[in-house]
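The block underneath contains the structure these notes are about, expressed in structure tokens.
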Amino acid sequence: MKPQVLKRGGWLLFLFLFTLPALAQEKVSISGYVKDKSSGEGLIGASVSVQELPGVGVGTNEYGFYSLTLPKGTYTLLYNYLGYVTTAKKVQLSAGQKLNVELGQNATALKEVEISTRKEDNNVRSMEMSTLKMQVSEIKSMPALLGEVDVVKAVQMTPGVQTAGEGTSGFYVRGGGVDQNLILLDEAPVYNASHLMGFFSVFNADAIKDVQLYKGGIPAQHGGRLSSLLDIRMKEGNNKKLAVSGGIGSISSRLTVEAPIVKDKSSFIVSGRRTYADLFFKLQNNEETKDNKLYFYDLNTKVNYTLSEKDRLFVSGYFGRDVAATGDFMMNWGNATATVRWNHLFNDRLFSNTTFIFSDFDYALGSLRKESEFTWKSRIRDFGFKNDYTYFLNPKNQLRFGIHLTYHNFMPAEVVPGKESYVNKIKLNSTSALEEALYLSNEQQLTERLTLEYGLRLSGFTNTGPGKVYHYGPEGETPIDTVTYKRFEKIKSYGGLEPRFSAKYELDQVSSIKASYNRTLQYLHLISNTTSSLPFDVWVPSSTHIKPQVADQVAAGYFRNFRDNMFESSVEVYYKWMDNQIDYKDYAEIFLNERLETELLRGTGKAYGAEFYLRKQKGLLTGWLSYTLSKTDRTVPGINGGKAYPLRYDRRHSGNVVLAYQLSPAINLGANWVYATGGAITMPVGRYEYDGKSFPVYSERNGYRLPAYHRLDLSATYQKPKSELKKYSSSWTLSIYNAYNRKNAFSIYFRENKDDLSKTEAVKTYLFGITPSIIYNFNF
């Protein structure tokens with residue numbers, strides 16, 4: 001990053017701080033943590049309000065911490081979290097004090113389904129827009145493919161989010177690509193969130209505490225991707241008692257153990273999951289398939305320790321891998337993340353979080369046959385540091401500021417042959433990069449009805465050696481010079497300002513309007529010729545020939561609750577402009593291409609749409625209805641004659657129905673229905689013959705559509721009544737995926753008709769017909 005840019009950013013931060021009018025006010029503060037009474041888990045987003053001061057309150061942060069600064073006096077504080085008993089605390093504020101509160105679950109609510117972990121009127125009163133928060137218990141109640149509960153597939157059922165394809169865990173948000181989603185697990189980036197070639201995600205729901213998706217209005221502390229942030233937080237572990245849970249399903253089993261290390265002070269959680277299709281191969285008599293392998297495993301672990309009243313330490317990790325082998329061919333891929341976080345309270349108002357991050361994604365594939373033995377490897381690895389602060393100025397101003405640093409290391413491809421192999425050794429250009437960001441934001445309540453959140457993020461990116469850069473002549477394909485760079489030597493730098501702004505105006509007690517604008521920069525790019533994120537795609541940095549992607553998005557919405565907050569609804573519209581969008585030349589060669597930039601073209605994109613959402617969050621029948629009307633396209637010189645064309649994942653209409661019904665205290669029914677316009681594809685529209693051979697003539701880029709996609713999923717869960725004398729409980733869940741056996745097109749390919757070679761025929765492939773599964777869950 002250029003020194004003058006840093007200097008200018010520092011002055012901006014300085015002026016930002018000194019122009020806030022509330023800084024001159026000094027008042028008494030009360031702060032603490034809001035936790036679950038039964039497990040000791042911090043409650044994210046719990047509401048703390050002042051009964052005597054309507055409109056004055058605050059929400060807990062990602063660790064359950066809150067702080068209120070009030071004039072001296074006597075107050076009644078109300079602690080509220082949906083599904084929990086509201087607790088009132090009378091306090092005499094004459095000096096700063098700490099007050100930790102534990103909330104117990106509402107016994108009445110347990111008989112019904114509560115599908116939100118937020119305050120009941122959060123839809124209207126919070127600053128959040130273009131944001132979805134999902135409770136894990138809600139995700140577990142949804143019908144699942146092969147009984148495997150999946151966080152990402154639940155996200156795909158929400159407005160503005162499109163699936164990458166039948167059964168896949170990739171997703172598109174408001175016209176952005178799969179690589180334009182930042183996926184964080186305990187603040188560590190996850191570069192490929194899929195198992196079994198995308199059929200399942202890497203997130204074990206038993207280890208997850210909180211799931212939040214930002215489609216717009218992304219807070220200033222987050223950046224690096226254009227379209228969305230999927231923020232997933234792991235459980236901290238029960239610090240009250242030993243708890244064991246798990247399940248045995250059609251294709252996998254899982255087990256979770258959590259317990260206190262020192263009661264009320266520290267705890268741990270370990271959660272594992274493994275599929276066992278490979279075990280069935282060994283039972284077969286067929287020698288050719290007996291030694292085949294096909295499985296994945298996950299291991300989530302986390303430890304936390306309260307060092308003092310002002311210090312807490314969290315250490316968490318994820319380790320997962322897929323292994324597949326058949327005959328002489330093998331492949332494996334996986335993620336590993338580690339996060340060390342230190343929470344520190346400087347005083348009642350200033351909260352800090354210091355984080356050290358490690359993230360690694362790698363894959364390997366190859367042949368085991370002697371004469372053609374080889375191993376093809378690729379990897380991206382990150383080392384990160386974050387220092388984040390939250391400063392609770394007063395109930396009307398909440399500041400966030402900090403610095404983020406990430407060192408990226410890229411190894412796009414290396415082919416290592418065996419000793420007796422005829423395969424040549426190949427190693428593509430490895431490189432590194434340093435990504436940094438400085439940010440400041442403030443959430444300010446101007447009046448009782450009007451609240452603003454504004455911020456600025458200053459980001460920078462430096463591509464460094466070792467590596468080499470090709471320079472090209474006017475035609476752009478033949479190198480005329482090559483420059484080699486040493487380790488840590490600067491190759492190319494980029495940077496820019498990313499303003500963020502949101503506003504909320506409460507029309508009355510049950511409705512509000514909100515608006516947001518944000519600019520985002522993305523310095524990493526996924527090189528893939530598929531529509532979903534496969535393990536064998538390659539991440540590359542912005543460099544001499546590949547510029548950072550840029551997006552500007554504006555959004556506005558109307559939010560309203562009905563029937564005493566039983567129903568919440570919203571209508572949002574958005575428009576997004578994107579620059580430096582990468583696409584591929586016709587017939588591009590990207591396989592092991594050291595000069596990949598010669599196959600890439602750059603252009604602009606736009607996406608716009610409207611999202612309609614109705615959600616019932618209390619009662620025996622819960623769920624939501626959503627509908628999205630959207631359009632996304634790109635204009636890239638050199639593609640489609642320079643005319644705009646739709647992207648593969650452009651779907652004009654999409655709708656979802658998600659329902660759960662508590663038939664009795666022991667039986668819960670679930671249903672999902674999904675509909676989406678078919679994806680755009682390029683099809684042959686003719687053929688010509690040359691030198692006795694036939695060649696296809698293709699339509700415009702993505703000029704045709706696959707058939708519309710729709711399916712119905714059903715589930716029924718029987719929860720065995722729990723005796724007060726027994727701590728053990730269990731349940732059975734039967735799921736039916738694609739209940740009416742719709743044969744949705746996964747792809748269409750073309751071939752010559754066997755009976756008449758002058759004709760070309762289209763062949764549709766599909767993955768799943770009606771697919772039942774059953775799973776047994778237990779906990780004690």
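The values are calculated or read from the model by the stated rules, or taken from the named source; none is laboratory data. Note that the structure is a prediction, hence the values are computed from the model and not measured. Counting neighbours? That spans all protein chains shown, and the Cβs are built from the backbone with ideal geometry, glycine included. Please note that ligands, DNA and RNA were not included when accessible areas were found on the heavy atoms of the full protein model with its side chains. Shrake-Rupley method; radii C 1.70, N 1.55, O 1.52, S 1.80 Å.
Here each label is just a point 7 Å from Cα along the line to Cβ, and for residue 663 and residue 505 those points are 4.9 nm apart.
Where the only charges are on Cβ atoms (+1 Lys, Arg; -1 Asp, Glu), what is the dipole of the range 201-283 about its Cα centre, to the nearest 20 debye?
100
The mean accessible area for residues of the range 23-85, using a 1.4 Å probe and ignoring ligands and nucleic acids, is 34 Å² per residue.
Projecting the Cα atoms of 682, 543, 252 onto the dipole axis of the chain, where Lys and Arg carry +1 and Asp and Glu carry -1 at the beta carbon, places 252 farthest toward the positive end.
Translational diffusion coefficient, Stokes-Einstein: compute it for the range 603-711 using the Kirkwood radius over C-alpha pairs as Rh, at 20 °C and 1.002 mPa s, and state it as an integer in µm² s⁻¹.
Here the translational diffusion coefficient equals 124 µm²/s.
Phi angles of the range 359-369 translate, via the Karplus equation with coefficients 6.51, -1.76, 1.60 and θ = phi - 60°, into HN-Hα couplings of 9, 9, 10, 9, 9, 9, 8, x, 10, 9, 6 Hz per residue; Gly and Pro are given as x. Note that the range 182-253 presents 18 Å² accessible area per residue, ligands and nucleic acids not counted, probe 1.4 Å.
If I take every Cα pair under 8 Å that is 6 or more residues apart in the range 178-244, average their sequence separation and divide by the length, what percent do I get for the relative contact order? List each step's numbers first, then the result.
Details: 84 pairs, mean separation 28.5, N = 67.
Reported relative contact order: 42 percent.
Compute the Cα gyration tensor for the range 626-780, then decide on rounded, prolate or oblate, letting a ≥ b ≥ c be the square roots of its eigenvalues: rounded whenever a/c is under 1.5, prolate when a/b is larger than b/c in the other cases, and oblate in all that remain. Write out the running numbers ahead of the final one.
Numbers: a/c = 4.10, a/b = 2.37, b/c = 1.73.
Since a/c reaches 1.5 and a/b is larger than b/c, the shape of the range 626-780 is classed as prolate.
Taking every alpha-carbon pair under 8 Å whose residues sit at least 6 apart, the chain reaches a relative contact order of 10 percent. Residue ranges 305-317, 450-462 sort as 450-462, 305-317 when ordered by packing (mean number of other C-beta atoms within 10 Å per residue, highest first).
Farthest toward the positive end of the dipole of the chain, out of 418, 97, 770, is the Cα of 97, where the dipole comes from beta carbon charges about the Cα centre.
Across the accessible surface of the chain, with the other protein chains kept in place and a 1.4 Å probe, carbon and sulfur atoms take up 58 percent. With equal scatterers on the alpha carbons only and no solvent term, can you work out the Debye log10 of I(q)/I(0) for the range 525-649 at 0.21 1/Å? For the requested q values the scattering log ratios are -1.21.
In this structure, the pairs whose alpha-carbon distance is over 19 Å, taken from 492/547; 215/547; 235/302; 215/576; 72/98, are 215/547.
At 20 °C and 1.002 mPa s, grab the translational diffusion coefficient of the range 348-460 from Stokes-Einstein with a Kirkwood Rh over Cα pairs, rounded to a whole number in µm² per second. Numbers along the way, then the final one.
Numbers: Rh = 18.0 Å.
Taking Rh from Cα pairs, D becomes 119 µm²/s.
Using only Cα atoms, figure out Rg for the chain and give it as a multiple of 2.2 N^0.38 Å. Before the final figure, lay out the partial values.
Numbers: Rg = 27.0 Å, N = 780, 2.2 N^0.38 = 27.6 Å.
My calculation over the Cα atoms of the chain gives 0.98.
Relative contact order of the range 622-708: 26 percent, from C-alpha pairs under 8 Å at least 6 residues apart in sequence. When a/c reaches 1.5 or more, the comparison of a/b and b/c decides; with that in mind, is the range 230-274 rounded, prolate or oblate per its Cα gyration tensor? Taking the square roots of the gyration eigenvalues as a ≥ b ≥ c, the range 230-274 is oblate.
Charges on Cβ only, +1 for Lys and Arg, -1 for Asp and Glu, centred on the Cα centroid of the chain; of 753, 444, 338, which one is farthest towards the dipole's positive end? Positive-most Cα among the choices belongs to 444. Computed FRET efficiency, Cβ-Cβ of residue 248 and residue 414, R0 41 Å: what is it to the nearest 0.05? Computed FRET efficiency for residue 248 and residue 414: 0.55. Taking every protein chain into account, the accessible area of the range 482-579 amounts to 44 square angstrom per residue (probe 1.4 Å). In a Debye calculation with equal point scatterers on the alpha-carbon sites of the range 29-92 and no solvent, what is log10 I(q)/I(0) at q = 0.12, 0.13 Å⁻¹? Result of the Debye calculation: -0.27, -0.32. Using Cβ point charges alone (K and R +1, D and E -1), the dipole size of the chain about the Cα centre works out to roughly 1380 debye.
Rounded to the nearest whole angstrom, the semi-axes of the ellipsoid equivalent to the range 699-780, taken from the Cα gyration tensor as √(5λ), stand at 48, 13, 9, largest first.
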